[in-house]
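Notes follow once the structure below has been shown.
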Amino acid sequence: MTTTTTAEPFPQPVGGASLLLSFRLEKKTTVIVGSGALAAKRAFAALEADSSVVVFSKGDGLCDELRWRAGHGQLTLEPLDPTEEKDEDILESYLESSMGSVSFVCVTDTLSTLPEGKRSLESANRIHRICRKYRVPVNVSDLPHLCDFSFTSTHRFIDTTTNTPSPLQIGITANGQGCRISGRIRRDIVAALPKEVGAAVSAIGRLRRKAKEEGFGCEEGDGDAGREEAVEDASPNLPVPQRSVAESDGEVAKRRMRWVSQISEYWSYSRLARMKGEDTDDLLSGDLGLGSSSTKSLLWTSQHQLNLETPPHRGRIFLVGSGPGHPSLLTIATRDALTKYADLVLSDKLVPAAVLEMVPSHVRIQIARKFPGNADGAQAELQEAAVEAASRGLTVVRVSIY
């Protein structure tokens with residue numbers, strides 16, 4: 001008797017992990033119970049998320065940061081009973097009068113490291129029951145069994161082009177097994193990522209907003225953001241119809257949103273960070289060379305001796321290879337074409353980012369939008385772009401991995 005075993009088709013859940021979520025807290029309220037440094041840290045995180053913050057404290061021992069933020073109108077202070085006897089009644093009365101507007105309650109005065117004034121376990125249990133009654137998630141410091149959610153060790157990246165906070169955040173959790181090592185892992189991840197990553201996310205955000213404003217990627221009247229996310233989060237390598245002058249508006253919209261996914265997936269962080277307004281126009285237009293008589297054929301030139309330094313009376317197209325992959329291994333002619341003479345660089349998708357980084361920042365780079373089902377269309381698009389640019393007297397460098 002032969003027994004055949006087959007692998008499970010999908011991963012099996014083993015439990016013990018947290019479900020990491022991202023909440024929008026605009027026009028919502030976060031309630032914090034406490035007065036120390038941890039309460040101030042929770043308040044700052046909520047304010048960063050555009051939440052209104054209400055801090056319930058006994059007044060004594062209120063830390064300088066909370067006092068300063070309250071004095072500058074960033075948060076609201078509410079007094080608690082000095083003896084703790086009526087704290088739960090005060091909090092319940094507030095939750096009852098604020099039905100639907102409170103997103104979270106954070107109790108911070110239960111820390112085991114607190115000296116006198118630490119909240120009792122009985123009081124923490126009563127607060128937890130009140131929050132359950134009003135269906136408001138609660139986090140109680142140092143008491144995991146009373147926590148409906150936990151906080152991650154977070155970092156928000158800076159947009160290096162504007163020196164302001166970018167939309168990019170990361171969060172690390174060890175599921176209660178060590179907040180100190182979570183912080184260390186967070187620092188290691190931040191150190192390993194390039195400094196332009198925040199600016200890259202900001203640039204993609206601008207590209208997506210422009211696509212939405214012009215109706216790209218969303219059907220008319222479609223207000224469901226989930227559909228938009230589904231389009232962008234789908235594999236960028238899924239087949240799509242080839243590019244055609246006879247495309248419908250819907251086909252153009254879907255293809256353009258796929259381009260956004262392609263750019264997000266394959267462009268280097270530094271290239272994304274340098275993307276300007278005119279770049280987004282070019283990326284979303286998709287009309288370069290379409291319908292032009294110059295696109296009917298591709299100009300091929302053969303030169304045994306390349307005279308790169310002589311300015312041409314007409315545009316030129318150079319076909320070059322990226323070599324083994326490292327910039328130092330490029331031929332001299334390829335290096336000079338990319339760094340000195342190119343007005344437009346047309347690149348295969350798999351050309352190493354380090355090679356493209358050699359191209360001066362003022363030179364436009366267009367990367368092939370190749371994915372299954374569109375390889376021929378992407379190649380034709382680069383050919384059209386090369387001929388159109390050369391017809392205007394520009395020097396075009398077409399670089400491939402071969």
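The values are calculated or read from the model by the stated rules, or taken from the named source; none is laboratory data. Not measured: the values here are computed from a predicted model. Here Cβ is always computed from backbone atoms with ideal geometry, including for glycine, and neighbour counts include all displayed protein chains.
Residue count for region 361-381, restricted to those that are modelled with pLDDT of 80 or more, in a helix (DSSP H, G or I) and within 20 Å of Ser264 (Cβ to Cβ): 1.
When each of Arg135, Arg156, Arg186, Arg126 is tested for being touching an Asp or Glu at 6+ places or on another chain (Cβ under 8 Å), within 23 Å of Leu21 (Cβ to Cβ) and either modelled with pLDDT under 90 or of a type in the set (Lys, Arg) (or both), the lone residue that passes is Arg156. Looking across region 27-45, just one residue is more than 16 Å from Glu78 (Cα to Cα), modelled with pLDDT of 90 or more and part of a loop (DSSP other than H, G, I, E, B), and that is Lys28. Checking each residue in region 157-189 for being charged (D, E, K, R) and exposed (fewer than 15 other Cβ atoms within 10 Å of the Cβ) picks out Arg180, Arg184, Arg187, Asp188.
Evaluated against (1) in contact with a Ser or Thr (Cβ under 7 Å, 6 or more places away or on another chain); (2) at positive phi; (3) not charged (D, E, K, R), Ala124 falls short on exactly one condition, (2). Evaluated against (1) touching an Asp or Glu at 6+ places or on another chain (Cβ under 6 Å); (2) hydroxyl-bearing (Ser, Thr, Tyr); (3) under 17 Å from Phe56 (Cβ atoms), Ser166 falls short on exactly one condition, (3).
Condition check ((1) loosely packed, with under 12 Cβ neighbours inside 10 Å; (2) under 23 Å from Ser150 (Cβ atoms); (3) out of contact with any Leu (no Cβ under 9 Å at 6 or more places or on another chain)) across all residues:
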residue	(1), (2), (3)
Pro82	no, no, yes
Tyr94	no, no, yes
Val107	no, yes, no
Leu111	no, yes, no
Ser123	no, yes, yes
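Being surrounded by fewer than 18 Cβ atoms within 10 Å (Cβ to Cβ), outside the structural domain of Ile127 (by TED's automatic domain parsing) and of a type in the set (Ser, Thr, Tyr) is a condition met by at least one residue of region 22-40.
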